[in-house]
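Everything on this sheet refers to the single structure shown next.
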Amino acid sequence: MSRFSGRVERLLQRVAVGDDVAHSLRDTVGRDVHTGASLRDLFDGQEAIELERFFSELESLPRLRPVLISLAARAAGARRVDSELQHTAELLHLALLVHDVALGRQGGRRRRVARRIVRRSVGVLGGNGLTLRALELARHTSSPEILGELVETLREFSDGDRLTAALRSDRGLASSTEYLHHADSHTGALLSFCCRAGAHLAGGDVMTLTAMGRYGRHVGRVWNVTDDMAQMVSDRAAWHLVQRVSSGRPVFPAAAAGQEDGEIKVLWKELCDDPNEELANKVVLRILSTGALAHGRTVVAREAWAAQKALAHVDSSEYRSALEGLAAGMAREALRVA
């Protein structure tokens, strides 16, 4: 498990609702959030066995998607939260995860488990099968507009895949702008779907839907940038870079550093041609010698502030405060990255 995954897990257990540290996000919407067991019930036979293994190994990791759906729905005024919608978001996440692993990207315990799933080639646990199951569930949710949201999210995933393929083919170092575009079409798209879908459950108006979507997009950026920063100062930094260049996934500190130091672009191309940890260590040291981490902290603070500002249209409640607290808490974690 990466440093950031562990930190976010602790964060989700103890994020302030407003200024009241006696509550956590999970306490706030605990009655609304589905369990891993209920998601496993959607599958039969070998698929259920694989999901059982998957969730047993991931039980301690954060499950942000159902929490965001619940908070967004309640903040928008929903009387109930649809468990099938939460299942849809989790299946989308799993499909994205399996696809990432198939491209070569992995990191920590969830990647190792997903890689085993890919190796076994279990039918419905292929990315396409998971996506189809997510579409089936979305079709039966209480808000028909959610199916359209899901299709748009899949389109954004596809845009991110095209950028990844181009970076892998060109062996180029992504710019900061390209990095944020990728974050938007990856984690940002998924979290935006969660928040907008939650608002649909409440019959939210266009302004509420827009506010929730913007919030999810900015929180997705915070998550991606902070995770990359934490990886860059961990003892697995070189390994992380090797995995990223092998799959074409951009890395924020590298993107930021490349704008300040042209030599990093040269080293990045060399690493793409020959992905090995010795060269990756050299790249890591070069990146850390720039102001890339400081720039990352600035970006995280800006995006967390934008996430909170996006909620200004949403009526004040403990649920909106919890969403604001999540963004602020994640930004505080980024400031602790050395």
The residues ARG249, ARG286, sorted from fewest to most surrounding Cβ atoms within 10 Å, come out as ARG286, ARG249
Neighbour-count ranking for THR88, THR164, THR298, THR153 (other C-beta within 10 angstrom, fewest to most) reads THR298, THR164, THR153, THR88
Given R₀ = 25 Å, FRET efficiency for ARG302-THR210 by Cβ-Cβ distance, to 0.05? 0.80
Among VAL67, VAL151, which comes first, then next, by fewest other beta-carbon atoms within 10 Å? VAL151, VAL67
Taking K and R as +1 and D and E as -1, what net charge do the other residues with C-beta under 12 Å from the C-beta of LEU271 add up to? +1
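Each value in this text was obtained by applying a stated rule to the coordinates, not by laboratory testing. Since the structure is predicted, the reported quantities are computational estimates derived from the model, not experimental observations. No Cβ is skipped: glycine too gets one built from the backbone with ideal geometry, and neighbour counts run over all protein chains shown.
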